[in-house]
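Single-structure report; data block below.
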Amino acid sequence: MLSNCKLIELHRITQPSGNLTSIEGSVHLPFDIRRVYYLNDVPGGAARGGHAHKKLQQFMIAMSGSFDVLLNDGKEKRVFHMERSSYGLYLSTMIWRELHNFSPGSVCLVLASEHYDESDYYRNFGQYIKAAGLSS
């Protein structure tokens with residue numbers, strides 16, 4: 001499952017007057033965009049995430065600053081260091097995620113495949129592992 005998560009370079013037009021980067025749902029991403037939100041002003045040492053989604057897919061971009069995304073599918077862990085707005089991290093369904101090491105002034109933009117639905121979350125790692133069929 002973790003192999004489905006990957007960095008995607010975004011379409012960028014570079015000009016002396018500045019850069020333009022575009023993202024189109026179902027063109028650059030494997031889903032239509034139904035919700036957009038961002039994380040900012042995360043206090044030093046704080047973590048975000050700590051959950052998995054049953055059907056939601058996400059695409060995360062470091063719009064400013066940097067942060068780390070720890071992904072865990074119950075068998076494998078992988079850390080992505082996000083620090084450029086010219087690429088983003090695609091997260092497929094049923095992947096546990098934790099965000100750490102936010103630099104001062106960092107902004108994490110998230111594009112989501114679904115509207116907010118609390119019932120889509122696994123907020124307990126043990127319950128996530130059980131639902132993923134990885135516990136006995």
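Simple spin-label estimate for residue 41 and residue 134 gives 3.5 nm between the two label positions (7 Å along the Cα-to-Cβ direction from each Cα). Relative contact order, whole percent, for the chain stands at 34, derived from Cα pairs under 8 Å and 6 or more residues apart.
Per-residue Cβ neighbour counts within 10 Å put 42, 107, 79 in the sequence 79, 107, 42, beginning with the fewest. In order along region 50-65, the phi-based Karplus estimate (6.51 cos²θ - 1.76 cosθ + 1.60, θ = phi - 60°) of 3J(HN,Hα) comes to x, 6, 10, 10, 6, 10, 6, 10, 9, 9, 10, 10, 7, 6, 8, x Hz; Gly and Pro are listed as x.
Entry note: the chain has Rg to Rh equal to 0.98, where both radii use alpha-carbon atoms and Rh is the Kirkwood radius. Think of region 2-131 as a dipole: +1 on every Lys or Arg Cβ, -1 on every Asp or Glu Cβ, centred on the Cα centre; then among 119, 95, 18, 95 lies furthest on the positive end. For residue 20 and residue 103, the FRET efficiency from 1/(1 + (r/R0)^6), where r spans their Cβ atoms and R0 equals 22 Å, is about 0.35.
Projection of the Cα convex hull of region 93-136, averaged over all directions and equal to a quarter of that hull's surface, yields 4.4 nm². If only the Cβ of Lys and Arg carry +1 and only the Cβ of Asp and Glu carry -1, the dipole of the chain around its Cα centre is close to 260 debye. When the chain is described by a simple charge dipole with +1 on each Lys and Arg Cβ and -1 on each Asp and Glu Cβ, the residue from 1, 53, 105 located farthest towards its positive end is 1. Shown for 31, 80: other C-beta atoms within 10 Å of each C-beta, ranked fewest to most, produce the order 31, 80. Spin-label model, residue 68 to residue 33: label points 7 Å out along the Cα-to-beta-carbon direction sit 2.9 nm apart. Amide H contacts of residue 49 (H built 1.01 Å from N, in plane; Pro and chain starts excluded): 99 sit under 5 Å, all sequence-distant by 5 or more or on other chains. Here the Karplus relation 6.51 cos²θ - 1.76 cosθ + 1.60, evaluated at θ = phi - 60°, turns the backbone of region 71-80 into coupling constants of 10, 8, 9, x, 10, 9, 10, 8, 10, 10 Hz, with x for every Gly and Pro.
Read the figures in this text as sums done on the coordinates, not as results from a lab. All values derive from a computational prediction rather than experimental measurement. Note that each Cβ is placed from the backbone with ideal geometry, even for glycine, and that neighbours are counted across all protein chains shown.
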